[in-house]
Amino acid sequence: MKHTLVIGAGKSGQAAARFLLQKKIPVMLYDGKMQEPFADSILDLQKRGVLLYMGGQNPPLQMLEQVIISPGVPLQIPLVQEIIRNKIPLLGELEFAYQHAHNPFIAITGTNGKTTTTALVGQMIKDAGLSSFVGGNIGTPLIDVVESLPQDATIVAEVSSFQLETTQNFKPRIGVILNITPDHLDRHGNMENYIAAKASIFARQNKNDDTILNYDDPILRKLAASSPGRVVFFSRKEILPQGVFVEDGKIVVGENGQKTPILPISDIYIKGAHNIENALAAVACGYCLGLKPQSMAHSLVTFTGMPHRLEFVANINDVLYVNDSKGTNPDSTIKAIEAYPHPLLLIAGGYNKNSNYTAMLETLRPKCQYLLLLGETAEAIAETALQVGIPKEKIMQFESLQEVVAKAFVLAQKGDMVLLSPACASWDMFANFEQRGNLFKSLVKEKMGDRNGEKAE
């Protein structure tokens, strides 16, 4: 009997396996890591008949009808290359969900800002009294819900380059690219491949679909010509003849010579120049959906942001502690550094994605009280910091986040900010950026409890 192989035993892989079982399709589940002791959820799948191939034990290819690959699994691994050579159909997790969906998609990608913008667009649709589901690379795997959503719901999906590179028919009603800066080059090999993966978000659109692009990003301005859909630009820096932009301190929608003000940018709850761009992109989505200006303005005033993205943790003796664990590349950390005027104790470092840290550290230098480093990239970041002129005595390396927070608590002075914005992925020391951010928050709250003479809740 032919089976469907699911590669990757994480959250999305397990969701795909559950879905296939519901369809009474025989399933194999592969993961290159040894999953023993197995999580209860994987044991449950095994009890329901899923054949497990763990720790690099390859499944028999002759038994496979198709393969569903989780986004975190590189296409370059030997098993996937063998599957491609044997011409076994290979679907990405996003493509698999799309093929079973009955609702229109708004798909949002970009190097930075995806999670915030996706959640904000979902909030705008909800505040307008319409039905939506927010998921994808954020929160619930799409395959868990695509067949059970109301017919009038819009799926608002955060999608990554990893998901997009394995799409075949995926065609969102609205496709958004917020920005493109170097990231995941360890996976994609070079910028050209990374850009191509992002651009596939609009590759199969038609004239009835919308492509929303950041006019201020020269890569995206150039890509606009290759979109088959209607291109709607947004810009923080330019007043556009058509699109969404900032004029006289307000977000404005321009169309056919008419300008519709939405709200002053000073009224947006989430702060920072990058969040103005996220707001502009969300308004562009709302404009394409026909949402009312007053409703969109209400969402922008009341939306408080996402966990792990410039998330306030505590103010201890006039020292701010901010969790930006979602800052997983240098450009994201630059935005975090620029968002605050405070002298900074920056906690950085993690999994090596072959990034360049020069621009990030040059941005940090005028504000740098201390640079506190850990993880695989600690040494490389320290060397670059010295090259850009950050004094050696301000650069420290640690073995654990516990040690970093303890030292930061001693070093920080009134008026400083302790900012966790690693500029790196978390995979060298943590399962994901959420685990890293949650540990940081718990460590800070422990310190707050120590200072108050009681255990923090």
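Can you tell me which residue is nearest to P141 (Cα to Cα) among those in the stretch 39-89 that are of a type in the set (G, A, S) and in contact (Cβ under 8 Å) with a residue 12 or more places away in the chain? So that I can check it myself, show each step before the final result.
Going through the stretch 39-89, the residues of a type in the set (G, A, S) turn out to be 39, 41, 49, 55-56, 70, 72.
In the following step, the residues that additionally are in contact (Cβ under 8 Å) with a residue 12 or more places away in the chain were identified as 41, 49, 55-56, 70, 72.
Numbers: S41: 15, G49: 22, G55: 24, G56: 25, S70: 11, G72: 13 Å.
Selected residue: S70.
Select, from V283, V252, V232, V244, the only residue that is outside the structural domain of A336 (by TED's automatic domain parsing), within 20 Å of L178 (Cβ to Cβ), touching a Lys or Arg at 6+ places or on another chain (Cβ under 8 Å) and aliphatic (A, V, I, L, M).
On the way: V283 fails: touching a Lys or Arg at 6+ places or on another chain (Cβ under 8 Å); V232 fails: touching a Lys or Arg at 6+ places or on another chain (Cβ under 8 Å); V244 fails: touching a Lys or Arg at 6+ places or on another chain (Cβ under 8 Å).
Only one candidate passes the filter, namely V252.
Confirm whether E147 is of a type in the set (D, E) and within 21 Å of N214 (Cα to Cα). Show your work before the answer.
Values: of a type in the set (D, E): yes; within 21 Å of N214 (Cα to Cα): no.
For E147, the condition - of a type in the set (D, E) and within 21 Å of N214 (Cα to Cα) - is not met.
Of the residues that sit in the stretch 390-413 and are assigned to a helix (DSSP H, G or I) and more than 28 Å from the chain's Cα centre (by Cα), which one is surrounded by the most Cβ atoms within 10 Å (Cβ to Cβ)?
Taking the stretch 390-413 and keeping what is assigned to a helix (DSSP H, G or I), we get 392-394, 401-411.
After this cut, where a residue has to be more than 28 Å from the chain's Cα centre (by Cα) as well, the list is 392-394, 406-407, 409-411.
Working: K392: 9, E393: 7, K394: 15, A406: 15, K407: 16, F409: 21, V410: 7, L411: 16.
Per the criteria, the residue is F409.
Go through (1) within 21 Å of L320 (Cβ to Cβ); (2) within 25 Å of the chain's Cα centre (by Cα) and name the single condition Q369 misses.
That leaves (2) as the condition not met.
Pick out the one residue from A157, A197, A153 that is of a type in the set (G, A, S), closer than 24 Å to A119 by Cα, at pLDDT 95 or above and over 13 Å from the mean Cα position of the chain (by Cα).
On the way: A157 fails: over 13 Å from the mean Cα position of the chain (by Cα); A197 fails: at pLDDT 95 or above.
When all the criteria are applied, what remains is A153.
Restricting to the stretch 243-294, and then to whatever is buried (at least 18 other Cβ atoms within 10 Å of the Cβ) and among the polar types (S, T, N, Q), can you tell me which residue is farthest from K126 (Cα to Cα)?
Restricting to residues being buried (at least 18 other Cβ atoms within 10 Å of the Cβ) and among the polar types (S, T, N, Q), the top hit is N275.
Please go through (1) surrounded by fewer than 16 Cβ atoms within 10 Å (Cβ to Cβ); (2) of a type in the set (S, T, N, Q); (3) part of a loop (DSSP other than H, G, I, E, B) for N193 and return the number of the only condition it doesn't satisfy.
(3) is the only condition that N193 fails.
Having 2 or more residues that are over 29 Å from D186 (Cβ atoms), β-branched (V, I, T) and touching an Asp or Glu at 6+ places or on another chain (Cβ under 8 Å) is the bar; report the helices (runs of 4 or more DSSP H) wholly within the stretch 1-101 that clear it. First the steps, then the outcome.
Details: elements: 11-22, 40-47, 78-85, 93-99.
The helices (runs of 4 or more DSSP H) meeting that bar number zero.
Output the number of the condition that F233 fails; it satisfies all remaining conditions of (1) within 22 Å of P104 (Cβ to Cβ); (2) part of a helix (DSSP H, G or I); (3) hydrophobic (A, V, I, L, M, F, W, C).
All conditions are met except number (2).
With the structure loaded, tell me whether S132 is farther than 21 Å from G305 by Cα and touching a Lys or Arg at 6+ places or on another chain (Cβ under 9 Å) or whether it fails that test.
no
Being aliphatic (A, V, I, L, M), in the same structural domain as L439 (by TED's automatic domain parsing), surrounded by 16 or more Cβ atoms within 10 Å (Cβ to Cβ) and under 20 Å from G113 (Cβ atoms): is that true of I347 here? Before you say what the answer is, go through the steps one by one.
Values: aliphatic (A, V, I, L, M): yes; in the same structural domain as L439 (by TED's automatic domain parsing): yes; surrounded by 16 or more Cβ atoms within 10 Å (Cβ to Cβ): yes; under 20 Å from G113 (Cβ atoms): no.
No: the conditions fail for I347.
Which residue out of T118, T140 is modelled with pLDDT of 95 or more and β-branched (V, I, T)?
On the way: T140 fails: modelled with pLDDT of 95 or more.
Just a single option satisfies the conditions, and that option is T118.
For the stretch 218-252, how many residues are in contact with a Leu (Cβ under 8 Å, 6 or more places away or on another chain) and under 23 Å from S266 (Cα atoms)?
Counting residues in the stretch 218-252 that are in contact with a Leu (Cβ under 8 Å, 6 or more places away or on another chain) and under 23 Å from S266 (Cα atoms) gives 9.
One residue is enough: does the stretch 166-186 have a residue meeting the conditions of a type in the set (K, R), in contact with an Asp or Glu (Cβ under 7 Å, 6 or more places away or on another chain), assigned to a helix (DSSP H, G or I) and assigned by TED's automatic domain parsing to the domain that holds C285?
No, there is no match, as no residue in the stretch 166-186 is of a type in the set (K, R), in contact with an Asp or Glu (Cβ under 7 Å, 6 or more places away or on another chain), assigned to a helix (DSSP H, G or I) and assigned by TED's automatic domain parsing to the domain that holds C285.
Each row is one residue, and each column tells you yes or no for (1) of a type outside the set (V, I, T); (2) farther than 24 Å from A97 by Cβ; (3) touching a residue at least 60 places away in the same chain (Cβ under 8 Å).
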residue: P182; (1), (2), (3): yes, yes, yes
residue: N190; (1), (2), (3): yes, yes, no
residue: N193; (1), (2), (3): yes, no, no
residue: Y215; (1), (2), (3): yes, yes, no
residue: K237; (1), (2), (3): yes, yes, no
residue: V244; (1), (2), (3): no, yes, no
residue: I251; (1), (2), (3): no, yes, no
residue: I262; (1), (2), (3): no, yes, no
residue: I265; (1), (2), (3): no, yes, no
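Is there any pair with a first residue in the stretch 403-419 that is within 12 Å of Q369 (Cβ to Cβ) and a second that is surrounded by 22 or more Cβ atoms within 10 Å (Cβ to Cβ) and of a type in the set (S, T, N, Q) whose Cβ atoms are under 9 Å apart and which are 6 or more apart or on different chains, and what are they?
Every condition considered, the pairs that remain are L419/N323; L419/T333.
The values are calculated or read from the model by the stated rules, or taken from the named source; none is laboratory data. All figures in this text were calculated on a predicted structure; none of them were measured in a lab. Using ideal geometry, Cβ is built from the backbone for each residue, glycine included, and neighbour counts are taken over all protein chains shown.
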